[in-house]
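The values are calculated or read from the model by the stated rules, or taken from the named source; none is laboratory data. Computed from a predicted structure; not experimentally measured. Backbone-built Cβ (ideal geometry, glycine too); neighbour counts: all protein chains shown.
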């Protein structure tokens, strides 16, 4: 098998039961920042996002809206695509699980699991959360106050479903829990417990960050049970090959998108697979770090290099919850200071290896203090002084201590971004911004301009400032692609340069233009 020709980066495909929200945006913006950074390193990146469009939840949402499931998911997919365009997400593909290419891949995956002897028919009886699309044990559910437990046996002895009033899922407290009993296809997940433990221990980078790896290891240490991978009498989904009365379970369906998006089972998928990194939320690690690698092992396919599980957002210290009225309007957040400013705030303030808290006041403070004041001021000072003192042309000046700080910032930035600590990468660029403003105060170019004997010193000051601002704009371009490209253009740099070429980029002789205020202050 040939070595993949691309960095293959994915996010979890979004469930098509409602419009995009801030949680979706956090994941897409973070993954897009990673993709853009890898391109800055000169790597060829294939970045895929998409939609998970099958399952009972989607069917019920369509029925409630009075339209067909296909019409429902088409509309939802369009709303997601519009939002990702608005936020500047640079995906190379948008996979949908209702596409024919996906069905072919799912059917091939099931054939391989069957040929490996890992699929069998059996009757399953358990609680089922419609919101999660997952069977639940009673320990995973919470009791409803005032409701008395009742026998979970369905009304018809031959199997079926019945709503259970006395239990709720903590993740979907407004959705019903049902007792479901039916014949399903099962996957022999238990067969892969030891191999998965060995994987976790021998390749710690497979599950990141470390806290998520420890959680997965604890699940594996407790043992695994076989899992149901089909549903009976569900009309919205991929029919089970040769058994059309069964529908492929939404999770085995959804996970296969990472293969279908790159052409599996056609041989061209080898150009991309195995994936370099799956970016997901911490709530679906079990599916991606246990179910998915076990399925790939069964199918004889290579495993992804890394599964990165980011944390969750709270809103001013409160857990996001529609039922409790705690939410962040994504459109309002974009309108507040613009798409790039929202991207910046989420990456700056939400650690990519943990949870983060969203605050409107802190969003405003970050924007005004760090973008409008610090970065905007530094850029404006550099541009205006080059215009005033050197006729709008960047001079050829000697290096100064600011150039040393620039190289140091680039090194720390690269180390942080390579480790997917995106907030620390932004911090390195901000520290250089602060150093640049301090450099201006120390060098006092307005004083140097008054003394003909300091012409060379002034050239060095202005040239070092130009190099620093271009470096900052390059480092922040994965986070704020539109604004930083605009800033670079003011120094006659058309596109963010590759990081490896940044130090040798010749700026002397390039014309500058100050332009409008890059980050207008908000009230």
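For first residues located in segment 500-511 and more than 12 Å from residue 470 (Cα to Cα), partners that are outside any loop (DSSP other than H, G, I, E, B) and at pLDDT 95 or above and lie 6+ apart or on another chain with Cβ distances below 8 Å form the pairs 508/463; 509/393; 510/393; 511/393. For segment 197-221, residues that are out of contact with any strand residue (DSSP E or B) (no Cβ under 6 Å at 6 or more places or on another chain) and within 30 Å of residue 56 (Cα to Cα) total 3. Here residue 71 does not fit the description of being at pLDDT below 95, loosely packed, with under 15 Cβ neighbours inside 10 Å, at negative phi and assigned to a helix (DSSP H, G or I).
For residue 300, are the conditions met, namely being assigned by TED's automatic domain parsing to the domain that holds residue 266, surrounded by fewer than 18 Cβ atoms within 10 Å (Cβ to Cβ) and farther than 21 Å from residue 279 by Cβ? Yes. Residues considered: 387, 431. Of these, the only one that is surrounded by fewer than 18 Cβ atoms within 10 Å (Cβ to Cβ), touching a residue at least 12 places away in the same chain (Cβ under 8 Å) and either under 21 Å from residue 349 (Cα atoms) or in contact with a helix residue (DSSP H, G or I) (Cβ under 8 Å, 6 or more places away or on another chain) (or both) is 431.
Within segment 404-424, if we keep just the residues that are in a helix (DSSP H, G or I) and closer than 18 Å to residue 309 by Cα, the residue that is nearest to the chain's Cα centre (by Cα) turns out to be 422. Looking across segment 231-254 at every residue that is in contact with a helix residue (DSSP H, G or I) (Cβ under 8 Å, 6 or more places away or on another chain) and part of a strand (DSSP E or B), the one that is nearest to residue 284 (Cα to Cα) is identified as 248. Does segment 140-156 include one or more residues that are modelled with pLDDT under 70, closer than 23 Å to residue 243 by Cα, in contact with a strand residue (DSSP E or B) (Cβ under 6 Å, 6 or more places away or on another chain) and in a loop (DSSP other than H, G, I, E, B)? No, there is no match, as no residue in segment 140-156 is modelled with pLDDT under 70, closer than 23 Å to residue 243 by Cα, in contact with a strand residue (DSSP E or B) (Cβ under 6 Å, 6 or more places away or on another chain) and in a loop (DSSP other than H, G, I, E, B).
Among the residues of segment 486-523, those identified as assigned to a helix (DSSP H, G or I) and surrounded by 15 or more Cβ atoms within 10 Å (Cβ to Cβ) are 486, 487, 488, 489, 499, 502. On the stretch given as segment 23-53, residues that are at pLDDT below 95 and more than 10 Å from the chain's Cα centre (by Cα) total 0. Give segment 449-462 a look and list any residue that's in contact with a helix residue (DSSP H, G or I) (Cβ under 9 Å, 6 or more places away or on another chain) and in a helix (DSSP H, G or I), or say none. Residues satisfying the conditions are 454, 455, 457, 458, 459, 460, 461, 462. For segment 242-262, the count of residues that are surrounded by fewer than 21 Cβ atoms within 10 Å (Cβ to Cβ), touching a strand residue (DSSP E or B) at 6+ places or on another chain (Cβ under 9 Å) and not assigned by TED's automatic domain parsing to the domain that holds residue 54 is nonzero.
For segment 348-364, a residue qualifies if it is surrounded by fewer than 19 Cβ atoms within 10 Å (Cβ to Cβ), in a helix (DSSP H, G or I) and more than 17 Å from the chain's Cα centre (by Cα), and the qualifying residues are 360, 361, 362, 364.
Conditions (1) in contact with a strand residue (DSSP E or B) (Cβ under 9 Å, 6 or more places away or on another chain); (2) surrounded by 21 or more Cβ atoms within 10 Å (Cβ to Cβ); (3) at pLDDT 95 or above; (4) at positive phi, marked per residue:
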residue	(1), (2), (3), (4)
346	yes, yes, yes, no
366	no, no, yes, no
369	no, no, yes, no
392	yes, no, yes, yes
401	no, no, yes, no
422	no, yes, yes, no
427	no, no, yes, no
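For segment 1-22, filtered to residues that are under 18 Å from residue 274 (Cα atoms) and touching a strand residue (DSSP E or B) at 6+ places or on another chain (Cβ under 7 Å), the residue that is modelled with the lowest pLDDT is 6. Among the candidates 399, 381, the residue that is in a loop (DSSP other than H, G, I, E, B), over 30 Å from residue 28 (Cβ atoms) and under 40 Å from the mean Cα position of the chain (by Cα) is uniquely 399.
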